[in-house]
Structures are given as C-alpha cells and as structure tokens.
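For reference, the structure is listed below as structure tokens.
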Amino acid sequence: MAQWLKRGMAAEAKADADRKVRDIVEAALADIEARGDVAVREMSIKFDGWDREDYRLTRAEIDRCVDSLSPQERKDIEFAQAQVRGFAQIQRESMRDVEVETLPGVVLGHRHVPIQAAGCYVPGGKYPLLASAHMSVITAKVAGVPRVITCAPPFQGTFARAIVAAQAMAGADAIYALGGIQAIGAMAIGTQSIDPVDILVGPGNAFVAEAKRQLFGRVGIDLFAGPTETLIIADEIGCDPEMAATDILGQVEHGPDSPGVLLTNSEKFARATMAEIERLLQILPTADHARKAWDAYGEVIVADSYEEMVQIADQIASEHVQVMTRDPDYFLNQMTNYGALFLGARTNVSYGDKVIGTNHTLPTKKAARYTGGLWVGKFLKTCTYQRVLTDEASTLIGEYCSRLCALEGFAGHGEQANLRVRRYGGRNVPYAGQAEPSAATRA
C-alpha cells in the first residue's frame, strides 16, 4: 500500500483559494462586458502597472523587436518554430475529409473546417515565455485559421521583446500587450477596439485559467490550462536523486501554486530525492518561486509496485508525466490519464515546453481524464453533411424515419419523412397527425 512521505496543501485550502479566484474573475469579466476598453485599461494599470494609448502594437514596434534579435536568438526561435510547425502539419495531414456511400444512393461525409478567429494567450509576467507563441499561433495557422490575435502581459515595464518577435515570426495577425483577466476578457467578449474571437487558447495562471473556464460556451477554449503540474515517476534503475530533484524544481519554478510530485517504488530513493531538493533550493536562482510551490504543493509518494504506481498516476492525472524507470514503455502502455508523457532520462518536460515539437499547452486540474493537450484539431470543426441521390434511397430512409418518429411522438418530424415517401416512392403513407395532403401533393 502506498505511503505519502510528503503531502501538498489540503483540499479545503485549495477550494477556498479557488473560490476567491472565481469571485475576482466573475466581477472582472462583468466589468469588461459593461465598460469595454475603459475597464480593460483600468485593470491593466491596476494589475500590471501598464498603460498606453493603444494596446495593439504597431508594425514598427513589432519590426523593432524582430530586428533586435541576435543571429543566434533568431536561429534558435526559428529552430523551435520549425519543430512545432512540422509536428502540427503531421497532425493536420492525419485528419482527412471523408465522403462515403453508406447505402445505395446515400452519401455521408465530413469536412474539417477551420475556426475563423483565435485568441492566443502568451504568459509572460514573471518570465517571457515565448514558446507559448509557437505552440498556439503556429498550430492555429497550420489548421488554417485566418485571423489569429495574441495577448501577452508586459515584462519589466514594457512589452517583452522576445515574445513579440516570436509572435510575429509565428504569423500572428495582431499583437496586443495585455495580460491577465483583462486580456482574456477582451479577446472573448470584445471591446470597442478589439473584435472578439471564436476560441481562446494558451496557458496562464489561475486567473487566466478561471477566466477561460467562465467564458467557455460564449467562446470555445482549448482546455483547462492552469498552473503547471509535474509528476516524476522514477525508480533507482532509470533515474538518480539529482535528476529527479532537478526535474521537479525545473517545473515548480513556474509559480507558487505549481504542484511537483515524485512517485517511486523505493523509500530510499524518495528520501534521497527530498534531500537533493533541499540542497538545490539553496543554489537555484528561482528558488523563491520553487520553494513556495514545493512547500505548499509538493508531494512524495512511495508505492509497492509498478501496477500501483500506474493506478496512483492515473488518479493524479498530471499535466506532465516524466517517466524515468527501468521500463518506461510499461507506463506508456498502461497509463490513460496524462497531458503528455516524457519517456526515459534522455528527455524531460523542458524539452516539451520549449523546443521538441509537441505542444506544451496541456490539461491541468485532472482534466487529463477527458482531454488531451492543444493540437491542430482544436482549431478545426468536424462538420458533417449528407446527400440522398435517388428516389429509392429517399423512400427507404424515409420509411424507417417515419416509423421511428411515430415511436417518439414527433408528428412534424414524421411528416418530413412521409412527404418524401409519397413524393419519391409513390407510397400511400398516412399523414402524420391525420393531416390532409395539400392540393399540390394530391396532384
């Protein structure tokens, strides 16, 4: 039976924090709905200390950001974007339109139709996370979305040079220097200066995630992408304490509410990793963020077997699951609830976050139980169509439809079918609800 050497924050405390976030977001979105640009500006000043005449960057400002890149910086961004674009294109090519004759004269099909406007949030208040520009903008463009706008918060009192450059290089049609609830609300609800979008995508803090949740239905969203979550599954054969500790702290530095969990089958390994975490927290430059997250949300779990480790991992349903064990493929083949798997010690979550090509916008808060991460298919609507080519086919389908409608008591639906049976099959079908035929039908 598994034992917890360290537990994170109690569920009641998490729920209380969530309620406070929910109330703040609800009030802020209502304000944006009522006052538009005025409310957005006030929130930007209040939360980010940031104001300018127009939050949309000009072409000249964007060009200056791109031109400011060193040759190596530009090469690095281009490399990362090429990996993301290449994998997104592979995903798009796997999705084919279909058309098939399912019965003689009955044709069914579907088309993958791009969403027409996407809003991409690129977090960057503490760190300029330019990788999120690749993941959202490029994926949307590969899907064929004609209008893609981006919002990223200011960084150190101005717009983040690297983020702006990455957004532009990815193909964004409009770039706004806005962050937080005000950015999400402006893109989804629309203001006097920002036209609303059809879908919101991109990761963010708890306020961004909650704003997306509350706006779902009014617009589409990619998924619930809140604070970063990391689960390290490790044993003494596939990993060592330094690597496990490094990979936990490398992710919880995102913020003070980022869970980092170690799941192992060795108590000795678990305790050595905990000691190594404490050592690294003395020298890690981002230890202030990482320490808060580890103290409040860190967990260490020792299981008896691989089977129990899989069971616990699926219950956690973590955003990132890094597997460093004797047999990583065991977890690939057995696990069902995860945002993304990173298999073996040679890879890690940071590769996926920044450059390897898979998308880093992934489900959190146990949403991995029912959805995967952002991918090209999130920007496509799979829309069906049907066509009946012959009188015989319409008569055949119509007779079945008529009887099924009668079972449900839907007279109007049934008459739609009956009319076709009479018109195309020449059958003397009773009228639904004993309605008399029209003169044109009798003729």
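Arranged from highest to lowest average of other beta-carbon atoms within 10 Å per residue, in what order do the peptides 271-284, 231-244, 132-145, 88-101 appear?
On the way: 271-284: 16.1, 231-244: 21.4, 132-145: 27.1, 88-101: 13.2.
The packing order, highest mean first, is 132-145, 231-244, 271-284, 88-101.
Could you work out the relative contact order of the range 100-199, using alpha carbon pairs under 8 angstrom and six or more residues apart, expressed as a whole percent?
Details: 167 pairs, mean separation 29.3, N = 100.
Worked out over the range 100-199, it gives 29 percent.
Report, in whole Å, the centroid distance computed from the Cα atoms of the range 80-127 and the range 1-30.
34
Can you send over the carbon and sulfur percentage of the accessible area for the range 226-372, probe radius 1.4 Å, protein chains only?
That fraction is 50 percent.
Taking the highest mean first, how do the peptides 19-25, 358-364 order by number of other beta carbon atoms within 10 angstrom per residue?
Peptide ranking by packing, descending: 358-364, 19-25.
Please give me the summed charge of the neighbours of Thr228: other residues whose Cβ is under 14 Å from its Cβ, Lys and Arg +1, Asp and Glu -1.
-2
With the other protein chains left in place, how much accessible area per residue, in square angstrom, belongs to the chain at a 1.4 angstrom probe?
48
Give, in whole angstrom and from largest to smallest, the semi-axes √(5λ) of the equivalent ellipsoid of the chain, with λ running over the eigenvalues of the Cα gyration tensor.
After scaling each eigenvalue by five and taking roots: 47, 30, 22 Å.
Any chance you could list the semi-axes, whole Å, largest first, of the equivalent ellipsoid that the Cα gyration tensor gives for the range 180-324, using √(5λ)?
Details: eigenvalues 256, 63, 18 Å².
Output for the range 180-324: semi-axes of 36, 18, 10 Å.
For the range 32-42, in order, what is each residue's ³J(HN,Hα) by Karplus, 6.51 cos²θ - 1.76 cosθ + 1.60 with θ = phi - 60°, in whole Hz (x at glycine and Pro)?
Running phi through 6.51 cos²θ - 1.76 cosθ + 1.60 with θ = phi - 60° gives 5, 4, 7, 10, x, 4, 4, 5, 4, 5, 4 Hz.
Based on the Kirkwood radius over alpha-carbon pairs, what is the Stokes-Einstein translational diffusion coefficient of the range 176-222 at 10 °C with 1.306 mPa s viscosity, in µm²/s?
Rounded to a whole number, D works out at 151 µm²/s.
Where Lys and Arg each count +1 and Asp and Glu each count -1, what net charge lies around Ala170 among other residues with Cβ under 12 Å from its Cβ?
Values: positive: Arg85, Lys141; negative: Glu78, Asp173.
Within the 12 Å Cβ shell, the charges total 0.
How many percent of the accessible area of the range 68-173 is carbon or sulfur, using a 1.4 Å probe?
Here it works out to 55 percent.
So what is the 222 nm mean residue ellipticity for the chain from helices alone, if each DSSP H run of at least 4 adds -39500 (n - 2.57) and you divide by all residues, rounding to the nearest 500 deg cm²/dmol?
-14000 deg cm²/dmol
From the backbone phi of the range 225-236, what are the Karplus-calculated ³J(HN,Hα) couplings (6.51 cos²θ - 1.76 cosθ + 1.60, θ = phi - 60°) in whole Hz, Gly and Pro given as x?
10, x, x, 4, 10, 9, 10, 9, 9, 8, 9, 6
Summing Lys, Arg as +1 and Asp, Glu as -1, what charge do residues with Cβ under 13 Å from the Cβ of Gly373 carry, Gly373 excluded?
-3
Compute a Gaussian network model of the chain, connecting alpha carbons closer than 10 Å, and tell me which residue from Gln416, Gln251, Gln81 fluctuates the most.
Looking only at Gln416, Gln251, Gln81, the largest GNM fluctuation is found for Gln416.
The values are calculated or read from the model by the stated rules, or taken from the named source; none is laboratory data. Quick caveat: nothing in here was measured; it's all calculated off a predicted structure. All Cβ positions, even for glycine, are placed from backbone atoms using ideal geometry, and neighbour counts span all protein chains on display. Each accessible area value is taken on the protein alone, full model and side chains, heavy atoms only, with ligands, DNA and RNA left out. Shrake-Rupley method; radii C 1.70, N 1.55, O 1.52, S 1.80 Å.
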